[in-house]
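The values are calculated or read from the model by the stated rules, or taken from the named source; none is laboratory data. The structure presented is a predicted model; accordingly, all values stated were derived computationally and were not measured. Cβ placement follows ideal geometry from the backbone for every residue including glycine, while neighbour counts extend to all protein chains displayed. The protein model used for the area step is the full one, side chains on, heavy atoms only, and it has no ligands, DNA or RNA in it. Shrake-Rupley method; radii C 1.70, N 1.55, O 1.52, S 1.80 Å.
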Amino acid sequence: MQLIEKLSILADAAKYDASCASSGAPKRSSEGKAGLGSTDGMGICHSYTPDGRCVSLLKVLLTNFCLYDCQYCVNRRSSDVPRARFSPEEVVTLTLDFYRRNCVSGLFLSSGIIRSSDYTMEQLV
Ligand code: SF4
């Protein structure tokens, strides 16, 4: 799978992660949209530093494969979605490339659980 295809899948899969201070997405209402949790912002999110600066972060998952089947999660094992997995080197390359082009100041990285939570965390670190 090409890197751009992985980026498309794994940025889209990360957009439901609500941990960002601001995704720049419009108000989240499911009325007239695709359902609960419907959102359309993906790829770059925004967060705030302690001194109040707004910074842009590349927001992706390391992988949307997952051992678990949490019913609320689009990336659950039983979900019929396209799957992809970055290598740690691919995440580093992508992040530095976007950083050098002044598109982002950092990385928001999360992941589905592969093999074990310890193994996944090792890959993330
Ligand atoms: S453990 Fe897997 S299925 Fe559960 S919330 Fe995390 S990514 Fe989704």
Quiz prompt | Filter pass, Cys73 being in contact with a Gly (Cβ under 9 Å, 6 or more places away or on another chain), away from the ligand (no atom under 16 Å from the Cβ) and at pLDDT below 95 | solution = no
Quiz item: Within the group Val92, Val81, Val60, which residue is part of a loop (DSSP other than H, G, I, E, B) and either among the hydrophobic types (A, V, I, L, M, F, W, C) or open to solvent by 30 Å² or more (accessible area, probe 1.4 Å) (or both)?
Solution: Val81
Exercise. State which residue is nearest to Arg53 (Cα to Cα) when the search covers only the range 88-120 and only residues that are among the polar types (S, T, N, Q) and within 16 Å of the ligand (Cβ to nearest atom).
Key: Ser110
Quiz item: Would the range 28-37 turn up any residue that is over 19 Å from Leu124 (Cα atoms), away from the ligand (no atom under 16 Å from the Cβ), modelled with pLDDT of 90 or more and open to solvent by 80 Å² or more (accessible area, probe 1.4 Å)?
Solution: no
